1. If the reach is capped at under 16 angstrom between alpha carbons, list the lysines near residue 413, excluding any in the same chain fewer than eight residues apart.
2. Hey, rough spin-label estimate for residue 40 and residue 72, points 7 angstrom out along Cα→Cβ, what's it come to in nanometres?
3. Determine, for the stretch 80-175, the count of lysine pairs separated by eight or more sequence positions (or lying on different chains) whose alpha-carbon distance falls under 27 Å.
4. Please tell me the relative contact order of the stretch 137-277 in percent, rounded to the nearest whole number, where contacts are Cα pairs under 8 Å and at least six residues apart.
5. Cα centroids of the stretch 8-48 and the stretch 254-303: how far apart, whole angstrom?
6. Report, to one decimal in Å, the Kirkwood hydrodynamic radius for the stretch 318-419 based on all distinct Cα pairs.
7. Would you mind computing Rg(Cα) / (2.2 N^0.38 Å) for the stretch 180-234, counting N as its residues?
8. Compute the convex hull volume of the Cα atoms of the stretch 195-334, divide it by the residue count, and report the result per residue in Å³ as a whole number.
Amino acid sequence: MSKPLQVNPHKLSPVMGAHLACLGVDGVMPIIHGAQGCSNFSKVFFTRHFSEPIVSHSTAVNDITAVLDGGACVAEAIELLAKKSPFKLAAIITTGLTETKGDDVKGAINQLSYPALYFPTPDYEGGLEEGFALAIEVFIKERMVSAATSDPKLALILPHASMTPLEVEKLKEFLEDFGVRALALPDLSGSLDGHLEERQGSVAKGGITLEEIEEASGAGMILSIGESTRKARQAFLAKNPSAFDLNVESLYGLRSSDALVRALMDWTGHEPPKRVKRWRARLQDMMLDSHFALGGKRVIAALENDHLLGISKILEEVGMSFELAVATTGGPAMTKISAKEAVVGDLEHLMQNIELSEVVIACERLGGFLPKETPWLVRGYPIFERIGTGLGNDILYEGGCYLLKELANLFLKEHQAHD
């Protein structure tokens, strides 16, 4: 796709992706190295999306510090924040401004007595999904150790950016059903799942701990989801080459869930428990029940790349026609999306092709532009006008039931309205 400008942007900043990932690591203080607005935008965006208070700090680069020593700005910010709020790790997330200028962030944090990590996320390299994956890679490279042996009862999950907190939790529980303790990096299920806290803190709370990240160095299996986590997975295998390497493109629908179950059976030697078999039977029944509502229906969607890749699989299974997939950035996932056309574009491109669709799957920013009669499944970033976003679940057998039920009811509601 070739356009002179983005009219209604679909892509989000990699800064936001790294920020989101840091919120899933307990005791981390995210510090965005850039103008005050960079931090404020990310904070407000995720606060509205998750309906939760979001931890965010800024080095507040201004016109003077932008010209002079930006590295000193980083050191000053960490020193100041350390006096006010104790943290286990400072996460310095750079922006397009400070990366273009070439601030020596590594040099600045190496001179401090406080533990800190550098996350290079200029706005001109990738989007939210890439920033999220890069943060995972940095944590693996900097906080994990080389492992001589692997624990066959421990698994490390590398989720992609579009997995909700509840989906991360459901995947951990799924592995535990096969007798495996699972850790997720990052683990938003412990921090942005919507549980009630006494007060907002100045550091991320409730995700995977730094001690657990080090423990995960010896995981017997690494389960990575989607294409965006490829580099992080390779970084882990470089430290622990004996681990069982399991990468799944998707966790959506019957075939993807079956493939995961088969891999877990081979690795653990365990049979699926009764509740897993029961949810599989429920998904089969839901596919049968929703067949006449969904079969042959035309879909267009705009989501993050791995989200598009995953959701395309379940749409294909139920016989829907995926006409157009609008991704945020190019990448390996683009060639694997089961759609007639997959492009990197903006939300205007989606609207220009609205006549191709009978249902739209996209974020809430599209709401003001869609014809009222168009069935619309709200997914992706951002979701501002609904609550409980972190409790959404579309993956594995259980989530597949919920997703198909929601999709089918959209069409049944539309049919009843015309009657």
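Rule-based calculations on the coordinates, nothing more; no lab input. It should be emphasised that the depicted structure is a prediction, and the values quoted were computed from it without experimental measurement. Methodologically, a virtual Cβ is constructed for each residue, glycine included, from the backbone with ideal geometry; neighbour enumeration extends over all protein chains shown.
1. Straight-distance partners of residue 413: 297, 372, 405.
2. 2.5
3. 12
4. 32
5. 33
6. 15.1
7. Rg over 2.2 N^0.38 Å, computed on Cα atoms: 1.33.
8. Values: hull volume 26.0 nm³, N = 140.
It is 186 Å³ per residue.
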